[in-house]
1. According to a simple spin-label model (label point 7 Å from Cα along Cα-to-Cβ), what is the distance in nm between I49 and E21?
2. What are the ³J(HN,Hα) couplings of the range 48-56, residue after residue, when phi is run through the Karplus curve with 6.51, -1.76, 1.60 and θ = phi - 60°? Round to Hz, x for glycine and proline.
3. Tally Lys/Arg at +1 and Asp/Glu at -1 over every other residue whose Cβ is under 14 Å from the Cβ of D2; what's the total?
4. List the lysines whose Cα lies under 21 Å from the Cα of K8, skipping any in the same chain that are fewer than 8 positions away.
5. What's the FRET efficiency of L33 with D5 using the Cβ-Cβ distance as r and R₀ = 25 Å, to the nearest 0.05?
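Bear in mind that the values in this text are calculations on the coordinates, not laboratory data. Predicted model only: the values in this text are computed from it and were never measured. Neighbour counts run over all protein chains shown; Cβ positions are idealised from the backbone, glycine included.
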Amino acid sequence: MDILDIKKEFLKEFDKIDKPEIILSLRNFLNELKEKEINSSDWEQFAGIWSDKEANEILSTIEDCEKIDLKEW
């Protein structure tokens with residue numbers, strides 16, 4: 001089922017609802033989902049800040065820090 005069919009099906013069901021509290025709840029739920037979607041993509045604002053060379057240096061540093069020397073324990 002493609003997205004257009006899903007929307008049509010949802011709208012048919014939505015049109016049958018006759019209780020305002022259900023419609024308001026659905027609206028609030030959709031607003032919360034949209035807000036989460038916006039917040040979840042906040043990391044994208046940082047994309048491209050580091051060059052590939054800088055990113056590889058950071059990755060190398062992280063990998064070095066993760067090595068455990070059993071003799072030190």
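1. 4.6 nm
2. For the range 48-56, the Karplus-derived couplings read x, 5, 8, 6, 4, 5, 5, 4, 5 Hz, x marking Gly and Pro.
3. Spelling it out: positives minus negatives among the neighbours equals 0.
4. Partners within reach: K16, K19, K34.
5. Values: r = 20 Å, r/R0 = 0.81.
E(calc), rounded to 0.05, equals 0.80.
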